[in-house]
1. Give me the pairs: first residue in the range 64-86 and closer than 20 Å to Cys10 by Cα, second residue of a type outside the set (A, V, I, L, M) and surrounded by fewer than 17 Cβ atoms within 10 Å (Cβ to Cβ), beta-carbon distance under 6 Å, and six or more apart or on different chains, which are they?
2. Inspect all residues belonging to the range 77-99 and state whether any of them is surrounded by 12 or more Cβ atoms within 10 Å (Cβ to Cβ), in contact with a strand residue (DSSP E or B) (Cβ under 8 Å, 6 or more places away or on another chain), polar (S, T, N, Q) and assigned to a helix (DSSP H, G or I).
3. Report yes if some residue within the range 55-73 is assigned to a helix (DSSP H, G or I), surrounded by 18 or more Cβ atoms within 10 Å (Cβ to Cβ) and within 12 Å of the chain's Cα centre (by Cα); otherwise report no.
Amino acid sequence: MIKVYGIKNCDSVKKALSFFKKHNIAYELYDFKTQELPCSKITQWLQKTNIDKLFNARSTTYRNLKLKEMNLSDEEKAEWLCRENLLIKRPVIEFDDKVIVGYNEQEYIEKFNI
């Protein structure tokens, strides 16, 4: 089954969930706001995608924490992802031992053979 990681009120997550419903694809939502994401999960994702794709430098959390001024290394970005799950670009989709970050309808169509 597909796992969708994100928060319910995020527009990109809503689009992904709508896509899966429209195409009758079963999924399970893992909500960052109600469930803390273990750092080990983030480490697994980083083995399948790069830090710049996973780290959301455009988020409100990023701006509020003033992380831009810190000029973070990739290792420091990974540490921040573990501390602040809301810095993770959403949604993160896990399926067939793969990871997709963000919502892109064309990519979903290709990856899910629609």
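The values are calculated or read from the model by the stated rules, or taken from the named source; none is laboratory data. These figures come from a predicted structure and were not determined experimentally. Cβ atoms come from the backbone with ideal geometry, glycine included; neighbour counts cover every protein chain shown.
1. Cys82/Cys39; Glu84/Thr61; Leu86/Thr61
2. No, there is no match, as no residue in the range 77-99 is surrounded by 12 or more Cβ atoms within 10 Å (Cβ to Cβ), in contact with a strand residue (DSSP E or B) (Cβ under 8 Å, 6 or more places away or on another chain), polar (S, T, N, Q) and assigned to a helix (DSSP H, G or I).
3. The answer is no, given that none of the residues of the range 55-73 is assigned to a helix (DSSP H, G or I), surrounded by 18 or more Cβ atoms within 10 Å (Cβ to Cβ) and within 12 Å of the chain's Cα centre (by Cα).
This table checks each residue for (1) in a helix (DSSP H, G or I); (2) in contact with a Leu (Cβ under 9 Å, 6 or more places away or on another chain); (3) modelled with pLDDT under 95; (4) surrounded by 14 or more Cβ atoms within 10 Å (Cβ to Cβ).
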| position | (1), (2), (3), (4) |
| --- | --- |
| Val13 | yes, yes, no, yes |
| Ala16 | yes, no, no, yes |
| Phe19 | yes, no, no, yes |
| Glu28 | no, no, no, no |
| Leu37 | no, yes, yes, yes |
